[in-house]
Amino acid sequence: MTGDDRDPDAGVPVRGDAALTLVVPIYNEAARFSRFAPELAAFVATQPPGSTLLFVDDGSDDGTADQARAFVTSQPEGRAQLLVRPHQGKGAGEGHPTEHQRASRIRAEGMRIEA
């Protein structure tokens with residue numbers, strides 16, 4: 001929501017108790033993944049039941065997908081998921097609609113993870 005009456009996805013009603021999917025595109029983040037993933041998971045844990053952290057790996061070649069896979073398996077069932085795709089560029093990783101997305105969602109758009 002934008003804080004006003006405009007809903008960014010007018011076709012999907014957004015309720016205050018709606019589950020949320022936080023979509024986080026990742027590409028070659030092995031050096032930083034272990035620092036930011038727990039913080040994101042902690043945020044999602046404060047959201048309504050059914051909320052999910054969805055990492056979208058865009059063909060990393062530095063072990064990021066392996067780290068993300070291990071992290072996802074360490075989380076409670078359904079709280080974190082990983083989608084691994086061949087490298088298609090930043091826009092593809094951020095905008096890919098999946099069955100994991102729910103009524104409310106946040107996309108980590110243009111997110112920069114600093115060392």
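The values are calculated or read from the model by the stated rules, or taken from the named source; none is laboratory data. This is a predicted model, so every value here is computed, not measured. Neighbour counts run over all protein chains shown; Cβ positions are idealised from the backbone, glycine included.
Okay, residues lined up against (1) modelled with pLDDT under 50; (2) part of a strand (DSSP E or B); (3) within 10 Å of residue 25 (Cα to Cα):
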position	(1), (2), (3)
56	no, yes, yes
67	no, no, no
78	no, no, no
81	no, yes, no
112	yes, no, no
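Would you say residue 72 is assigned to a helix (DSSP H, G or I) and surrounded by fewer than 20 Cβ atoms within 10 Å (Cβ to Cβ)?
Values: assigned to a helix (DSSP H, G or I): yes; surrounded by fewer than 20 Cβ atoms within 10 Å (Cβ to Cβ): yes.
Here the answer is yes, as residue 72 does meet what is asked.
Out of segment 46-69, which residues are surrounded by fewer than 17 Cβ atoms within 10 Å (Cβ to Cβ) and within 24 Å of residue 19 (Cα to Cα)?
Within segment 46-69, the first condition is being surrounded by fewer than 17 Cβ atoms within 10 Å (Cβ to Cβ), and the residues that meet it are 46, 48-50, 59, 61-63, 66, 69.
46, 48, 49, 50, 69 - these are the residues of segment 46-69 that are surrounded by fewer than 17 Cβ atoms within 10 Å (Cβ to Cβ) and within 24 Å of residue 19 (Cα to Cα).
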